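Just below is one structure, and these are the notes that go with it.
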Amino acid sequence: MKDLSIEELNKKFEIRWKTLEKRSKDCNLGLPNKEQLHKLLLVSFFNGFKCDYCKTQLKIYDKYPYYKIFSFEHKKSIYFGGTNNIENFAIVCHRCNLTKGPITEETWRAIIQHLPHELFEKMCNESFSANMSRILKRQKICRDETNNEY
């Protein structure tokens, strides 16, 4: 599959690393070990590159709405005292990362396991779309409904 190349994965990792550096600084958190985080990503890549939560096949790049792009997930939310220790990271799809929010890893796994697949998909897609809209508004990338411009 053309999307899954080591070179592209490494490029995307560097972009994600810079974002993680900025967020860590903004939240006064220590940085995770870059080599360990890269190793976690590579292990996921060579073991089938699937979301640790919902098992969706991950991609390096995706078209909007970006459901399947890989993401670094804090298993225990920073909001609830999670850290940037490597043990607190998982490789997940962007949709699970945004939809899970600050709830615990155990609760999220229980939701995935016990909800019927169609209901889980609908819940995730609606939540993901709402979260993406908020992010795009914050970044001033979204469409301005008053004058139909971006």
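Every read-out reported here was derived from the displayed coordinates using simple, explicitly stated rules and does not represent laboratory data. Only a predicted model underlies this, so the values are computations on that prediction, with no experimental measurement involved. Ideal geometry is used to build each Cβ from the backbone, glycine not excepted, and the neighbour counts take in all protein chains shown.
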Net dipole in debye of the stretch 6-138 [+1 Lys, Arg Cβ; -1 Asp, Glu Cβ; about Cα centre; nearest 20]: 380
Considering all projection directions equally, how large on average is the shadow of the alpha-carbon convex hull of the stretch 6-138, in square nanometres? 8.1
Which one, PRO102, TYR79, LEU58, projects farthest toward the positive side of the charge dipole computed for the chain from Cβ point charges (K/R +1, D/E -1)? TYR79
Sort out for me the Cα centre separation of the stretch 1-67 from the stretch 83-101, rounded to whole Å. 10
Under the helix-only model (-39500 (n - 2.57) for each DSSP H run of 4 or more, divided by the residues of the chain), the mean residue ellipticity at 222 nm, to 500 deg cm²/dmol, is -16000 deg cm²/dmol
Suppose every K and R has +1 on its Cβ and every D and E has -1 on its Cβ; what is the size of the dipole of the stretch 10-56 about the Cα centre, in Debye to the nearest 20? 140
Over 29 Å (Cα to Cα) among LYS18/LYS122; LYS22/LYS100; LYS39/LYS137; LYS22/LYS122; LYS25/LYS122; LYS34/LYS122 -> LYS18/LYS122; LYS39/LYS137; LYS22/LYS122; LYS25/LYS122; LYS34/LYS122
In terms of modelled amide H atoms, which long-range or inter-chain residues lie less than 5 Å from the amide H of LYS59? ILE69, PHE70
